[in-house]
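The values are calculated or read from the model by the stated rules, or taken from the named source; none is laboratory data. The structure presented is a predicted model; accordingly, all values stated were derived computationally and were not measured. Heads up, the Cβs are rebuilt from the backbone with ideal geometry, glycines too, and the neighbour counts pull from every protein chain shown. The area values use the complete protein model at the heavy-atom level, side chains included, leaving out ligands, DNA and RNA. Shrake-Rupley method; radii C 1.70, N 1.55, O 1.52, S 1.80 Å.
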Amino acid sequence: MKKRILATVLCCMLALTLGACGNSENNNPGLPDGDPSVTAMYSRKGYSPAAVIDGDTDIGWIGGRKASETNFQVLTVDFGKTTAFSSITLDDTFSDGYTNTPPEYLAQSVSYGDGDASGVGKDATVSNVLQGVADGRRWCSADIPTEDAPQWIWITLGEPTKASRIELDNEVDTAVFENYEVYYSEQKHSSRDPEQKYKDPADYTLLHKETAGESNVAVIETEEEITVSDLLIRIYSQTKDGEPVVASLDEIFLFGNVPEGYSESHQPVRFTFSVSNDGKTFDVICEESANYSDVWRRTFDTPVSCRFVRYVVFEEMNNNYPSIGELTFA
């Protein structure tokens, strides 16, 4: 891996000579006295690479192109003279100039608390509908639902969740949600209730009723955000290729409103740091393959001495443009 990264980094040297560059007032305590500079292969207008060493974590550099394994993005710090450091901190907490458009709704993280159903078919369980991914692991009924004998599934969430959009996903199974009702409750029910109120629609609020559905993904949007503890879904008919089939549900997804000023994480996931004294031959000093923090730090047992530090990023969170708020060398 080290040799491959070194080879690919050396191949982009020519491109770097054409990249954006900038000098920064030295407000970064980890930099030597003098006139350090930073270059990058591509930069978004107004977000210069010089911002990564200006001592201000509220602004930063944003790359002009997205990073990938074959189109990695490179940023190089030139200290101006040989400098020693024992740690590198990459701070990517800044949100100014954030490059992703906020989502229309924010996916909620939910867990399964309890559940029951009118029946359970082969290789199916009620808890499968809250796995967090539509992967074919599902709940299905033992019988085909009818108007007189609807099939139902009830679940209670581990914790109450705010929701303004609910999706019933059946893309893997492909059975169409044709005739069904969705009820919700802010209060938790219990499968141990001797009166079994958890399966009584009268103990819920009707959220949506559909009598002529045509999709295997049912999307339900509320007029305002609601608190959901329990869901009761009653299915009167589902079809596949026009024929009646057992009731089935792969996954339930809940989405909430997006808070004002919200921005998704945009930290680097896979990247390397390498060093050089001549600006031509670089040696990798650390590799990261699974970073999910917007403040990353690496400490070295032996101080590193060099003039140039090169950052090569292969993947940014949410496939966003690469960015750095501040690099600190200490």
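For the reader, a short list of remarks on this structure follows.
- Trypsin sites (Lys or Arg not before Pro) within region 177-225: DSSP coil, no more than 10 neighbouring Cβ in 10 Å: ARG192
- Tensor-based shape of region 129-222 (alpha-carbon gyration tensor, a/c under 1.5 rounded, otherwise prolate or oblate): rounded
- Distance distribution note for region 122-172: the fraction of Cα pairs above 14 angstrom is 63%.
- Low-density loop positions, GluC sites (Glu not before Pro), region 144-232 - DSSP coil, at most 11 other Cβ in 10 Å: GLU147, GLU195, GLU214
- Along region 313-330 the Karplus relation, 6.51 cos²θ - 1.76 cosθ + 1.60 evaluated at θ = phi - 60°, assigns HN-Hα couplings of 10, 10, 7, 10, 4, 6, 6, 7, 6, x, 7, 9, x, 7, 10, 10, 10, 9 Hz to successive residues, with x for each Gly and Pro.
- The GNM of the chain, with springs linking C-alpha atoms under 10 angstrom apart, assigns the highest mean-square fluctuation among ALA142, ALA67, ALA51 to ALA142.
- Carbon + sulfur, % of accessible area of region 87-173 - ligands and nucleic acids excluded, 1.4 Å: 43 percent
- Net charge in the neighbourhood of VAL245 (other residues with Cβ under 14 Å of its Cβ; Lys, Arg +1, Asp, Glu -1) is -3.
- Shape class of region 185-300 from the alpha-carbon gyration tensor: prolate, with a/c at 1.5 or above and a/b greater than b/c.
- Shown here for region 258-330: trypsin sites (Lys or Arg not before Pro) in loop regions (DSSP other than H, G, I, E, B) with at most 16 other Cβ atoms within 10 Å, namely LYS280.
- For the chain, the per residue solvent-accessible surface stands at 48 Å², with DNA, RNA and ligands left out and a 1.4 Å probe.
- Using a Gaussian network model of the chain in which every pair of alpha carbons under 10 angstrom is joined by a spring, one finds that among GLN151, GLN238, GLN196 the greatest mean-square fluctuation is at GLN196.
- Positive minus negative residues near ASP169 (Lys, Arg vs Asp, Glu; Cβ under 14 Å): -3
- Net charge of Cβ neighbours under 14 Å - reference GLU224; Lys, Arg +1; Asp, Glu -1: -2
- Partner lysines whose Cα lies under 25 Å from the Cα of LYS81, excluding those fewer than 8 positions away in the same chain, are identified as LYS280.
- Against the main long axis of the alpha-carbon atoms of the chain, helix 2-11 sits at an angle near 70°.
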